[in-house]
Amino acid sequence: MLKTIFLSIILYTSVSLCAQQELPVFKLTRYDSTEIKGYYFFTANNFLIIYDKNINLVYYKPVQTALVFSLEHNNKMLFTTKNNVYLMDSTFNVVDSFACKGYLNDEHEGLILPSGHILLLGNENVTVDIKNNPELNKRWKYDSICLLTAVIQEQDMQHNVVFEWHAKNYFQPGDSDPFYDKRYNQPNWTHSNALELDADGNILLSSRNLNEIKNINRKDGSVIWRLGGKNNEFKFVNWTEPFYGQHDIKRIANGHFTLFDNGQNVVSHGARALEFELDEKNKIATLKWSYIYDSAMSSKGRGNVQRLPDENTLIGYGAPTKNNVCFVIVNPKGSKIMQVNGTLDVYRVTNYSSLPFKLHRPVIDCFDSAGVNYLDAGAGYKSYKWNTGDTTRIIKATKDGSYSVFVNYGDGGFISSEKLILVGLSKSCNNKPDSHKNKYNLNTIKK
């Protein structure tokens with residue numbers, strides 16, 4: 001059964017909750033009764049965001065230039081900005097920060113490895129002499145040009161660099177796709193956007209401007225193979241078209257790979273979620289599964305694919321060219337389970353079926369005083385923001401309906417209560433009913 005829910009949220013972005021910023025309206029549409037458990041982590045409009053399974057806002061934190069927000073090893077969370085990669089603990093306090101040493105930090109990626117080391121993505125400016133290269137000279141109109149190109153660093157927890165890799169040592173400027181030249185004030189040679197630690201400990205790197213995935217030896221930095229783009233080494237089986245401007249390369253549990261194909265180029269195709277198998281010895285790439293939302297909808301940037309534990313697949317569309325779709329979850333047959341429309345330019349949406357720590361959400365208590373019903377969000381918080389607009393700990397319950405409150409939580413963030421539903425306010429709410437813990441049906445309570 002199709003069910004649509006509209007969610008409109010007003011967020012207050014400063015610690016004092018006085019600077020108002022309104023986020024877009026989200027529309028959640030369910031297509032069947034399959035339950036998707038857990039929480040969704042992502043960034044939107046310079047906020048870190050956590051939603052519950054019903055797309056109710058649980059946590060937010062205003063962070064300028066935030067891009068990646070993920071749950072990592074050892075109960076840590078990670079988020080990236082233009083200048084740093086930050087680690088938060090289970091209390092949502094920042095405990096450390098990292099940046100690519102000696103180079104520009106790149107907010108597209110950050111990973112905590114099983115060893116506790118941090119894998120960082122960076123950039124460097126490289127001046128290239130192209131006066132004797134007619135193809136590149138015609139393309140960029142200069143005798144020399146400054147290009148932005150990728151750097152990878154692995155740092156230990158003491159911030160020592162233990163591995164470093166430079167794209168300039170392995171690629172040629174002409175490897176990049178001319179389609180992307182006019183997107184930047186400064187030509188971006190690689191525009192690398194995703195890192196993945198492969199099963200053998202080597203590194204997978206996605207470089208959008210090359211339309212290419214590469215496997216990098218983590219011991220000596222050599223390139224083991226290149227998939228896609230101008231220097232593709234693989235034979236494609238069951239593929240009808242190449243991938244363009246891709247994001248979010250992942251190795252999944254069955255040994256296959258997933259990838260988000262943005263599909264936008266001179267001749268574009270529909271943005272696709274891809275699952276493929278690689279015969280790395282014989283260099284054969286076999287497409288095993290794909291999903292296209294709309295063959296006429298490519299994605300201008302961002303996006304991701306996540307294979308969930310129940311074998312369903314989450315697909316984030318980043319900046320789609322139509323349809324205003326943020327992400328969908330589909331089953332293995334390609335039928336939609338749910339869809340969320342609204343916020344665009346979401347870089348990466350990740351579902352976690354459970355959290356390794358407890359979210360300490362405020363609990364609303366309902367009580368009667370002199371015949372008036374009140375709601376109490378509890379003591380110990382610096383700020384309160386109710387969905388009624390009130391900003392005090394205790395408010396009057398003036399009408400039936402749904403009540404919720406945000407309070408300060410961790411380092412500059414805010415967490416919500418569960419929704420409390422009141423029915424029958426002509427009665428007292430001194431005593432909690434035995435029914436649903438978040439619903440006070442006051443008509444059932446005896447004075």
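Every number in this text was worked out from the coordinates using simple rules, so none of it is lab data. Treat the numbers as computed from the prediction; the structure is a model and nothing was measured. All Cβ positions, even for glycine, are placed from backbone atoms using ideal geometry, and neighbour counts span all protein chains on display.
Per 0.36 nm of contour for each residue apart, how much would the distance between SER354 and THR388 grow if the chain were fully extended, relative to their Cα-Cα spacing?
On the way: separation 34, 0.36 × 34 = 12.24 nm, distance 3.01 nm.
Gain on stretching SER354 to THR388: 9.2 nm.
What shape does the range 261-416 take by its C-alpha gyration tensor, where a ≥ b ≥ c are the square roots of the eigenvalues and a/c under 1.5 counts as rounded, a/b above b/c as prolate, and the rest as oblate?
Verdict is prolate for the range 261-416.
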Notebook entry, point to check: In nm, to one decimal, how far is the LYS131 label point from the GLN158 one, both placed 7 Å along Cα→Cβ?
Noted result: 4.8
Item checked: Mean separation of Cα contacts under 8 Å, 6 or more apart, over the residue count of the range 348-422: relative contact order % -> 28
Notebook entry, point to check: Considering amide H positions built from the backbone, and no H for Pro or chain starts, which residues 5 or more places from CYS100, or on another chain, come under 5 Å of its amide H?
Noted result: ASN105, ASP106
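Test of understanding: ordering TYR51, TYR317 by Cβ neighbours within 10 Å, fewest first, what list do you get? List each step's numbers first, then the result.
Details: TYR51 23, TYR317 29.
So the ranking, lowest neighbour count to highest, is TYR51, TYR317.
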Next item on the list: Using amide H atoms built 1.01 Å from N in the peptide plane, name the residues 5+ places from PHE47, or on other chains, whose amide H lies under 5 Å from its own.
Entry: VAL63
Margin query: Could you give me D for the range 249-341, from Stokes-Einstein at 20 °C and 1.002 mPa s, where the hydrodynamic radius is the Kirkwood radius over C-alpha pairs? Units µm² s⁻¹, please.
Written below: 159
Notebook entry, point to check: Taking other Cβ within 10 Å of each residue's Cβ, how do HIS73, HIS191 sort, fewest first?
Noted result: HIS73, HIS191
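Starting from the Cα-Cα distance between THR29 and LYS399, subtract it from 0.36 nm times their residue separation and give me the gain in nm to one decimal.
Here the answer is 130.4 nm.
When the chain is fully extended, how far beyond the present Cα-Cα distance does ILE284 get from SER222, taking 0.36 nm per residue of separation?
Values: separation 62, 0.36 × 62 = 22.32 nm, distance 2.03 nm.
The span from ILE284 to SER222 would gain 20.3 nm if fully extended.
Quick check: net charge around VAL266, other residues with Cβ under 13 Å of its Cβ, Lys/Arg +1 and Asp/Glu -1? Walk me through the intermediate numbers first.
On the way: positive: LYS182; negative: ASP177, ASP181, GLU241.
Net charge around VAL266: -2.
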Note to self: Per residue of the range 162-172, what does 6.51 cos²θ - 1.76 cosθ + 1.60 with θ = phi - 60° give for ³J(HN,Hα)? Whole Hz please, x for Gly and Pro, Karplus curve as stated.
What the structure shows: 10, 7, 9, 9, 10, 4, 4, 7, 10, 10, 9
Item checked: Euclidean distance of C-alpha centroids, the range 229-246 and the range 76-150, integer Å -> 25
Check: To two decimal places, what compactness ratio does the range 3-352 give when its Cα radius of gyration is scaled by 2.2 N^0.38 Å?
Finding: 0.98
Notebook entry, point to check: On average over all directions, what projected area in square nanometres does the range 40-120 have, based on the convex hull of its Cα atoms?
Noted result: 5.4
Next item on the list: For an R0 of 35 angstrom, estimate the FRET efficiency from the Cβ-Cβ distance between ASN185 and ASN238 and round to the nearest 0.05.
Entry: 0.30
Margin query: In whole Hz and in residue order, list the ³J(HN,Hα) couplings for the range 261-274 that follow from phi through the Karplus curve 6.51 cos²θ - 1.76 cosθ + 1.60, θ = phi - 60°; x for Gly and Pro.
Written below: 9, 5, x, 9, 7, 4, 10, 8, 9, x, 4, 10, 8, 10
Checklist line | Point-to-point label distance, SER369-THR65, nm (Cα→Cβ direction, 7 Å offset) | finding: 4.7
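Rank these for me by crowding, HIS108, HIS117, going from fewest to most other beta carbons within 10 Å. Kindly include the intermediate steps, with their values, before the conclusion.
Working: HIS108 23, HIS117 18.
Arranged by neighbour count, lowest to highest, HIS108, HIS117 become HIS117, HIS108.
Can you compute the FRET efficiency between ALA379 and ASP200 using 1/(1 + (r/R0)^6), with r the Cβ-Cβ distance and R0 = 60 Å? Round to the nearest 0.05. Numbers along the way, then the final one.
Numbers: r = 53 Å, r/R0 = 0.88.
The pair ALA379/ASP200 has a calculated efficiency of 0.70.
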Notebook entry, point to check: So which aspartates and glutamates pass the test for LYS27, namely a Cα distance under 18 Å, with those fewer than 8 places away in the same chain ruled out?
Noted result: GLU35, ASP52, ASP345
Item checked: For the range 3-352: relative contact order, % (alpha-carbon pairs under 8 angstrom, 6 or more apart) -> 12
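By per-residue mean of other Cβ atoms within 10 Å, what is the highest-first order of 223-230, 268-275? Intermediate values should be presented prior to the final figure.
Numbers: 223-230: 19.0, 268-275: 22.9.
Peptide ranking by packing, descending: 268-275, 223-230.
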